[in-house]
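S.K.: A single structure is presented below for examination.
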There are 8 protein chains.
Amino acid sequence: MRTTSDVFHLAIPVHDLDEAQHFYVTLLGCKLARRYPDRITLDFFGDQLVCHLTEGQPPEPESLYPRHFGVTFRHAEDFEALHQCAVLRKIPFFSDVSSRFKGLVEEHRTFVLADPSGNLLEFKHYRDPRMMY
Amino acid sequence: MRTTSDVFHLAIPVHDLDEAQHFYVTLLGCKLARRYPDRITLDFFGDQLVCHLTEGQPPEPESLYPRHFGVTFRHAEDFEALHQCAVLRKIPFFSDVSSRFKGLVEEHRTFVLADPSGNLLEFKHYRDPRMMY
Amino acid sequence: MRTTSDVFHLAIPVHDLDEAQHFYVTLLGCKLARRYPDRITLDFFGDQLVCHLTEGQPPEPESLYPRHFGVTFRHAEDFEALHQCAVLRKIPFFSDVSSRFKGLVEEHRTFVLADPSGNLLEFKHYRDPRMMY
Amino acid sequence: MRTTSDVFHLAIPVHDLDEAQHFYVTLLGCKLARRYPDRITLDFFGDQLVCHLTEGQPPEPESLYPRHFGVTFRHAEDFEALHQCAVLRKIPFFSDVSSRFKGLVEEHRTFVLADPSGNLLEFKHYRDPRMMY
Amino acid sequence: MRTTSDVFHLAIPVHDLDEAQHFYVTLLGCKLARRYPDRITLDFFGDQLVCHLTEGQPPEPESLYPRHFGVTFRHAEDFEALHQCAVLRKIPFFSDVSSRFKGLVEEHRTFVLADPSGNLLEFKHYRDPRMMY
Amino acid sequence: MRTTSDVFHLAIPVHDLDEAQHFYVTLLGCKLARRYPDRITLDFFGDQLVCHLTEGQPPEPESLYPRHFGVTFRHAEDFEALHQCAVLRKIPFFSDVSSRFKGLVEEHRTFVLADPSGNLLEFKHYRDPRMMY
Amino acid sequence: MRTTSDVFHLAIPVHDLDEAQHFYVTLLGCKLARRYPDRITLDFFGDQLVCHLTEGQPPEPESLYPRHFGVTFRHAEDFEALHQCAVLRKIPFFSDVSSRFKGLVEEHRTFVLADPSGNLLEFKHYRDPRMMY
Amino acid sequence: MRTTSDVFHLAIPVHDLDEAQHFYVTLLGCKLARRYPDRITLDFFGDQLVCHLTEGQPPEPESLYPRHFGVTFRHAEDFEALHQCAVLRKIPFFSDVSSRFKGLVEEHRTFVLADPSGNLLEFKHYRDPRMMY
């Protein structure tokens, strides 16, 4: 059962905390909750995203599968506002808006962003909200 | 802003859809939303988890960092009920309940489960709910 | 996704509208929404129950399976208040409170009432609310 | 009083669990909560539907009365999205969309589906939401 | 602070319980909660209305002031749906829809019904919802 | 269906606006929304109470029936806090706390206050919240 | 995390309680919660504003920065309704509606009112609601 | 009417943005929404606080009146958790917890913090939640 009191949390690797904070807070408009020497924690659309500082070079993102994360918006205007935010602030797209599963119940629009450490973020909007799961 | 209408979604690799469904639905008590030849989608505590079928052998999980996911419960009894579920249904623990950051505002209890593909799931409860982010 | 704006509705046979209204409104404390010559509609714990007048004699209820309906309460005190209501108003029990699946995650308390047309109503409370589905 | 924490539950007979799961999960888009040898439990539009395996042949559904169940949607677009889902996935209609009680306050649109065991599901949308009960 | 858990209650005199039930339940679409020899209790748009049986003849309603009650709807369509209900079911108007305080912030539409005991019910919709108080 | 967006409103006679404002705002802790030469409007526990200035002398309140109004609290502590407010601020009781319908499902505690114009206000708390209607 | 149960409170200086009450209650439509000899407390759009009586002359407001307060509305119609209220009731504007940060994600409309003690109130509406913080 | 979608906003002067961010984010646990050269914007307990960079030296805070801001918590445990946060993280108190208005309906506990620019923050918990306004 979906609640407003519990919080999903996701931990991901990043290779530079300043770059990560710039991407998630300054560009994407998430909120910085806490900053430690080895990680930052973010209020990411109401859930928690933790960026752990990781050694080495960030990988080049190759495929959306099997690993990515993001938000499925209930209302089209929220999907479009975030897309507009990405355009206005020149966040690089891994893939711009397209429609998937046209003509099926699962039809939805989607776009994908890449953070500076190669993590892929997918944002979606379904025509039929029951398909959000 | 946390809403009840948007849904966080996370895509992870799994190496056997039947095993994944057994772990997430039969053991962990999540709900199966859809099953396709190459993936299953789950209602995971109200958010969406997508398990993509991936070739190869599942890796042995080594460290909780930098990559894991889970739920931070607002109420201690929900944290404890899930832990009890894991015990009663003999879900293998990657690490059983312990307390972190004792004496700090960030103090919380946590336990970690591993799914059959080596994905690590962390469940937490903070003494001070403002630290959930 | 559970909402407060949509309403589940269930239509069942009854053999006497006055008896049905007495049972559901006067004894069980549901609210009468509408009365027509051939049916009554009820606000049954927030959902809609429609009792259709049906010819013939009401059957003797024999088994809870496969057909019954009711409410699973989230909070134990609501379960207990309804049980107390049944006791104080002398609603006949098909089976009084018992526990099922003891020691399993699915453990719950349950009692069953029978309406004058032999429809069985089961009310439940689960120790772990995630098992309500 | 309608709540978001309590759950209506309905138990119905089915004659084949795989067929039932295919109908309710794969076609209708409900979520599978639990599967046992003798039943499946479903998150049916936020309430609980339990399909109990029953011996014998499924009856041919003859009449919507006195026994059926379903959802009355508060918003027309949810009614229409489910109807579209039934069309796209070729779920057989017991009766397609029609309007009842035209010119009365009780006016509503309705369509009826039949599951493989002959259980009838009615979905409705009222012009005046106060008539949902 | 407006809550969904507390209930406003109002007790009014009526001179015939059957007439009162007919007016409030059958015509106005409220729900009958309980019936006693000397009163009926109603779920009146989510609050409680108690009609106490009173001796004597019902007075002829003369003026809306100082005593009347009703609902101020937040959304115009709910105001209009109730008005349509009154028209379709031929509930007698004490005064049909009119606008008051035109050109002021307090501008609102209003209509007034009279129950069989001469109690006056006013329903309103304000252009600026902050004026509902 | 109880909502948080619609507002119940009740208009009552008072014989002195200053006295009424003193009673409802300063003593009872309601909020003054608007004051006009001939009436004051109040946020009365989240609903709207309008006190219309009326000529003549206030009547002596004689009986709680058939006319009074008030709030039924869902939670006992809110009932008790308001009673404590009446005691601390020396609001005169028409009748102090007592229990009605002991041993019945309808059992509740109640106390009654009188405003300076003889309007009676009843506040209640039911053991079984389903009896609030 | 934004809640409906906690209340923001702000205390500001005013130089005349009657003037302050006139401005905030009669003109701006806030609700008077309590009045003491040295302050009034207000329900200001759901939060608490306390006006403390302060000696001396009210300063002439010069700049919106660094000190002002107000409400950012989620919905444009609420922003526009309040603006209309200010126009109809002839509340003096410190600055009328204008747009800021055009072409940026932070774009919003804003207008500023001044209370009789020179406190500045800014009301805003953002095109992208995520920029409300 | 208190909503979850509108946001109160308050702009205050600060004399050093790094110090302000340290105080509000790192110590007090608020979330950083945006940082500009001349201000930071914060998610302050769900409302918006904007700290504008101001020239000169921060004043020494002298009195809680007439100007301060903060949160009134509905639940005592949230009040106590924030107090514990201030103790554990050694945030300097302007005044530690005390009770005001003992024996009155307005009785509440309060403590006051000072930010590095001399702005005073008061946090409160009332025994009777109706006194929060």
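The values are calculated or read from the model by the stated rules, or taken from the named source; none is laboratory data. A quick note: this is a predicted structure, and the numbers were derived from the prediction, not measured. Because the Cβ atoms are built from the backbone with ideal geometry, glycine has one as well, and the counts that use them run over all protein chains shown. With ligands, DNA and RNA removed, areas are computed over all heavy atoms of the protein, side chains included. Shrake-Rupley method; radii C 1.70, N 1.55, O 1.52, S 1.80 Å.
S.K.: What are the residues in the range B:82-113 that are open to solvent by 20 Å² or more (accessible area, probe 1.4 Å) and of a type in the set (A, V, I, L, M, F, W, C), if any?
M.R.: Matches in the range B:82-113: B:Val87, B:Leu88, B:Phe93, B:Phe94, B:Val97, B:Phe101, B:Leu104.
S.K.: Name the single residue that is nearest to the other protein chains (Cβ to nearest Cβ) among those in the range E:109-133 being farther than 13 Å from F:Gln48 by Cα and not in a strand (DSSP E or B).
M.R.: The residue in question is E:Asp128.
S.K.: Looking at the range E:45-90 only, could you name the residues that are closer than 26 Å to D:Gly103 by Cα, of a type in the set (A, V, I, L, M) and within 13 Å of chain F (Cβ to nearest Cβ)?
M.R.: E:Val71, E:Ala76, E:Ala81, E:Leu82
S.K.: Here are some conditions: (1) open to solvent by 70 Å² or more (accessible area, probe 1.4 Å); (2) of a type outside the set (Val, Ile, Thr); (3) at pLDDT 95 or above; (4) within 14 Å of the chain's Cα centre (by Cα). D:His125 meets all but one. Which one does it not meet?
M.R.: Single failed check for D:His125: (1).
S.K.: Step by step: first the residues of the range F:1-44, then only those that are aromatic (Phe, Trp, Tyr) and farther than 13 Å from F:Phe69 by Cβ, then the one that is nearest to the other protein chains (Cβ to nearest Cβ). Which residue is that?
M.R.: Of everything passing the filter in the range F:1-44, F:Tyr36 is nearest to the other protein chains (Cβ to nearest Cβ).
S.K.: Any idea which of (1) open to solvent by less than 30 Å² (accessible area, probe 1.4 Å); (2) at pLDDT below 95 is the one H:Phe8 doesn't satisfy?
M.R.: Checking H:Phe8 against (1) open to solvent by less than 30 Å² (accessible area, probe 1.4 Å); (2) at pLDDT below 95, the one that fails is (2).
S.K.: Kindly indicate the residue of the range H:31-76 that is of a type in the set (S, T, N, Q) and in contact with a strand residue (DSSP E or B) (Cβ under 6 Å, 6 or more places away or on another chain) and also most open to solvent (accessible area, probe 1.4 Å) among those meeting that condition.
M.R.: Applying the filter and picking the extreme gives H:Thr54.
S.K.: If the requirement is being part of a loop (DSSP other than H, G, I, E, B) and either touching a Pro at 6+ places or on another chain (Cβ under 7 Å) or acidic (Asp, Glu) (or both), which of these qualifies: G:Glu77, G:Glu106?
M.R.: G:Glu106
S.K.: Is it the case, given these coordinates, that F:Ser95 is closer than 30 Å to C:Cys30 by Cβ, of a type in the set (Gly, Ala, Ser) and either in contact with a Lys or Arg (Cβ under 8 Å, 6 or more places away or on another chain) or not in a helix (DSSP H, G or I) (or both)?
M.R.: So F:Ser95 fails the test.
S.K.: Shifting gears a bit: Is there a residue in the range G:52-63 that is within 14 Å of the chain's Cα centre (by Cα) and hydrophobic (A, V, I, L, M, F, W, C)?
M.R.: No: zero hits.
S.K.: Any residue at all in the range A:107-129 that's β-branched (Val, Ile, Thr), without any contact (Cβ under 8 Å) to a residue 40 or more places away in the chain and farther than 24 Å from B:Ala33 by Cβ?
M.R.: No.
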